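> Would you mind keeping the following structure in view while I ask a few things?
The values are calculated or read from the model by the stated rules, or taken from the named source; none is laboratory data. Being a predicted model, the structure only gives us computed values, none of them experimental. No Cβ is skipped: glycine too gets one built from the backbone with ideal geometry, and neighbour counts run over all protein chains shown. Side chains included, ligands, DNA and RNA excluded: accessible areas come from the protein's heavy atoms. Shrake-Rupley method; radii C 1.70, N 1.55, O 1.52, S 1.80 Å.
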Amino acid sequence: MAAPRTCGLWSYCGRGLSRAKRNCGLPGLRSSWPWGPLGARLLSQEKRATETHFGFETVSEEEKGGKVYQVFESVAKKYDVMNDMMSLGIHRVWKDLLLRKMHPLPGTQLLDVAGGTGDIAFRFLNYVQAQHQGKQKKQLRAQQNLSWEEIAKKYQNEEDSLGGSLVMVCDINREMLKVGKQKAFDRGYKAGLAWVLGDAEELPFDDDKFDVYTIAFGIRNVTHIDRALQEAHRVLKPGGRFLCLEFSQVNNPLISRLYDLYSFQVIPVLGEVVAGDWKSYQYLVESIRKFPSQEAFKEMIEDAGFQKVTYESLTSGIVAIHSGFKL
C-alpha cells in the first residue's frame with residue numbers, strides 16, 4: 001500500500017536523523033550539548049542537514065516525501081493530458097528518443113522507476129515486440145519448408161511475442177499506478193508487464209537483477225537523489241545501463257527567458273483550468289529550476305559508481321537524457 005511505503009521513507013529519514021544525533025554525542029562535546037555555543041552551532045548544522053527543497057519552499061526531509069506524494073496523488077488522473085498540453089505533445093518525442101537510445105533487444109529486463117502511468121513501459125513493449133517480430137520474419141524466410149500451420153502457430157504464441165522481455169514498473173504512488181494499470185488494460189497490454197509499489201531510494205529488488213534502469217521525469221522529485229542513483233546501480237546487472245530523461249538547464253538565453261515566462265505564467269494556469277490544481281503545477285515548475293545542471297547531474301551519476309556517463313540535451317536543453325553503465 002502507498003501509505004506504508006511513504007511512511008517507510010519517513011521512518012528511514014528519521015533513523016538517519018537519530019544516527020546524526022548519536023554521532024554528535026562524542027567525548028568532549030557532551031558538556032556543551034545542547035546549551036552552549038558549540039551545541040547551538042551543532043544543532044543549527046543538524047537542522048540544515050535535514051532540510052531540503054519542495055520547489056522553492058524549504059521543508060524538512062520528512063515533509064518532502066509526503067508533499068510530493070500528495071502532488072502526484074492529486075494530478076494522477078490528469079497527468080497524461082497535462083503532459084500533452086504543457087509540452088504541446090513534445091514529451092512523446094522525448095520518450096521515443098529515450099527508447100531509441102536504449103535500443104532494447106528481445107529478452108531485455110527493464111526496471112522503469114517512477115513510471116506509474118506506463119508511458120515508458122508501453123513504448124518498451126512495442127519496441128521489443130517489433131524487434132522480435134522482425135527477427136521471427138527473418139527466421140521464417142530462411143525456413144522455406146515450414147507449413148502454414150507451423151507459421152501461424154509461431155505468430156499466435158503470445159507469450160513469445162516479446163522474446164522473454166519484461167518491464168517492471170515501480171512507483172511510490174498508488175494513484176499513478178492505478179492510472180497505468182487501467183491504461184494497460186484498455187490498450188491490451190498483458191504479457192511482459194508487472195507493476196510494483198516501491199520507493200526509488202529503497203528498491204524492493206535483489207542485486208544485479210535488471211539489464212536497464214529508466215527513470216523519466218521522476219528523479220527530481222526524490223528527496224535523496226544520491227540514494228536513488230546508488231539503488232539504480234545496485235539493482236542493475238554488471239554491464240547494465242542507467243537512462244534518465246529529465247528536465248534540465250536551457251542553454252540558449254533567449255529560449256530560457258521565453259521558457260521561464262511560459263513555465264511560471266502559463267503552466268500553473270493550465271493546471272488550474274484542466275486539473276483544478278494550481279499548486280501542484282507551480283511545484284512542478286519550481287522543482288525543474290532546483291534540479292542540477294547537465295554537468296552537475298552527470299557528476300552525481302558518476303559518484304554513484306556508473307561509468308561511461310554521457311548526456312544529450314534535447315530542445316535547447318529543456319530536457320536531457322543521461323546514460324551510464326555499471327561496469
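> Please work out how much accessible surface LEU105 shows to a 1.4 Å probe, ignoring ligands, DNA and RNA, in Å² rounded to 10.
Accessible surface of LEU105 is approximately 90 Å².
> Could you sort the peptides 318-325, 299-306 by per-residue average Cβ neighbour count (10 Å cutoff), highest mean leading?
Output ranking for 318-325, 299-306: 318-325, 299-306.
> Which of the peptides 254-262, 232-240, 60-68 is most tightly packed, and how do the rest follow, judged by the mean count of other Cβ atoms within 10 Å per residue?
60-68, 232-240, 254-262
> Could you work out how much longer the chain between GLU302 and VAL81 gets when fully extended? Use 0.36 nm per residue separation minus the Cα distance between them, nm to one decimal.
Extending this stretch completely gives an extra 76.1 nm.
> With each pseudo-label sitting 7 Å past Cα toward Cβ, what's the ASP96-VAL274 distance in nm, one decimal?
1.9
> Accessible area per residue of the range 269-327 at 1.4 Å probe, in Å²?
44
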